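Okay, structure first, notes after.
The values are calculated or read from the model by the stated rules, or taken from the named source; none is laboratory data. Predicted model, so just to flag it, every value in this text is computed and none were measured. Reconstructed Cβ throughout: ideal geometry from the backbone, glycine too, with neighbour counts over all protein chains shown. What goes into the accessible areas is simple: the full protein's heavy atoms, side chains included, and nothing from ligands, DNA or RNA. Shrake-Rupley method; radii C 1.70, N 1.55, O 1.52, S 1.80 Å.
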Amino acid sequence: MAKTKKFPEQHQKPPGMEFKMHPQPEIIRPDYKGSEKLKGKTALITGGDSGIGRSIAVHFASEGANVAIVYLNEDKDALETQKMITALGKDCYLIKGDLKKEAFCKKSIEKAVAKFGSLNIIVNNAAFQMPENTIEHISKKQLEETFETNIYPFFFMVKEALPHLKKGDTIINTSSVTAYRGSDHLLDYSSTKGAIVTFTRSLATMLAKKGIRVNAVAPGPIWTPLIVSTFKKLKDFGSDTPMGRAGQPSEIGPAYVFLASKDSSYITGQVLHINGGEIVGG
Ligand code: NAD
Ligand code: MG
């Protein structure tokens, strides 16, 4: 599964539905064994219904955490993630709504705290993209959609979560390889991913004295609903990476475990690059 080199053409409308994808993304390696790295912790993951977010949620649960996942409207995918987590003996609390709305972000944090009594890990991972080949085609409406989905909620969520976070707790943000190498067809999206890198560095510096660490992950091409709902040509997706293939969510989730756990206790303000070998700065 993880070595798939060619994908069948398929198309969906955003947000994509994982249950309709073929082949199905690999969420966690069948031989992955948790070792209580997040025992007793509570995590909130935006976009946790599918793709990379689902992988993070399942890995966190495998490591002993309870999770709340925030998603737009993909009920079937969210219920499937919940099922996977329940099977691991952990709780998965579903929160449905639009992160562009500050009031909803506030409510999401309140609900997660009310449900679990604490919050230790915030993963800002939800995103929107719509490829356009020229800047003239990027309307103000699209620009707003991209920035209001991909970066504004990071501020809203952290603002609301901060009073609940303690020394040792962590914030992890999903950026993208496009922040580093640019993208001629994702100008607005890649700009938000660059903003996420700077947000991560600045927030890490701001919160270091409180003992709250802030890091990011910059994935390369990963087989998820975002891809099948926004790209027209999928057959060779990821084949231009040095490793010659796309990645699976199962190859991303473990990095979030590392950044959320004590294993990364001296790391803050950094970005992990998981992209099949593309050498990028920072
Ligand atoms: P995905 O479609 O599975 O996840 C994105 C999720 O964001 C969706 O499940 C959706 O519920 C949520 N979302 C979107 N808009 C929302 C809104 N307004 N309110 C609430 N939730 C909203 O796709 P994915 O590829 O797993 O994406 C996860 C992250 O990974 C994103 O930040 C994406 O930019 C990043 N990323 C993905 C790739 C890739 O190749 N798949 C590469 C680099 C970075
Ligand atoms: Mg989804």
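Report the percentage of all Cα-Cα pairs in region 1-138 whose separation exceeds 28 Å, rounded to a whole percent.
Within region 1-138, distances greater than 28 Å cover 23 percent of Cα pairs.
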Rg ratio (alpha-carbon, reference 2.2 N^0.38 Å) - the chain: 0.92
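So if I take the alpha carbon set of region 149-190, get Rg, then get Rh from the Kirkwood formula, what is the Rg over Rh ratio? Write down the numbers at each step before the final one.
On the way: Rg = 13.9 Å, Rh = 12.4 Å.
Ratio value, two decimals: 1.12.
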Please report the accessible area of K6 (heavy atoms, 1.4 Å probe, ligands and nucleic acids excluded) in Å², nearest 10. 120
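Restricting to DSSP H runs of at least four residues, report the calculated mean residue ellipticity at 222 nm for the chain, -39500 (n - 2.57) per run over all residues, nearest 500 deg cm²/dmol. Provide the component values of the computation, followed by the final result.
Values: 9 runs with 98 residues, N = 282.
For the chain, the value works out to -10500 deg cm²/dmol.
Can you give the FRET efficiency for F155 and K6, using 1/(1 + (r/R0)^6), R0 = 30 Å, r = Cβ-Cβ distance, to the nearest 0.05? Display every interim value, and only then the final one.
Details: r = 40 Å, r/R0 = 1.33.
Working from the Cβ atoms, E equals 0.15.
Quick check on region 130-245: what does the Kirkwood estimate of hydrodynamic radius come out to from the alpha carbon pairs, in Å?
On the way: mean 1/r = 0.0633 Å⁻¹.
Hydrodynamic radius (Kirkwood, Cα pairs) of region 130-245 is 15.8 Å.
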Expressed as a percent, the accessible surface of the chain that is carbon or sulfur, using a 1.4 Å probe and the full set of protein chains, is 56
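Packing-wise, with mean Cβ within 10 Å as the measure, how do 177-188, 40-51, 25-36 rank, highest first?
Highest mean packing first, the order is 40-51, 177-188, 25-36.
How much accessible area per residue does region 38-274 have, counting only protein heavy atoms and a probe of 1.4 Å, in square angstrom? If you can, show how the numbers build up before the last one.
Numbers: 9850 Å² over 237 residues.
Solvent-accessible surface per residue comes out at 42 Å².
Of K140/K166; K20/K166; K107/K235; K13/K193; K33/K159, which sit over 32 Å apart, Cα to Cα?
Values: K140/K166 39 Å; K20/K166 40 Å; K107/K235 40 Å; K13/K193 22 Å; K33/K159 34 Å.
The pairs that break the limit, which is 32 Å between Cα atoms, are K140/K166; K20/K166; K107/K235; K33/K159.
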Give the ranking of R201, R54, R213 by solvent-accessible surface, highest area first, calculated with a 1.4 Å probe. R201, R213, R54
Pairs beyond 32 Å (Cα-Cα), from K6/K83; K5/K39; K83/K262: K5/K39
Residue-ordered couplings for region 269-280, obtained by feeding phi - 60° into the Karplus form 6.51 cos²θ - 1.76 cosθ + 1.60 and rounding to whole Hz (Gly and Pro as x), are x, 10, 10, 8, 9, 10, 9, x, x, 6, 8, 10
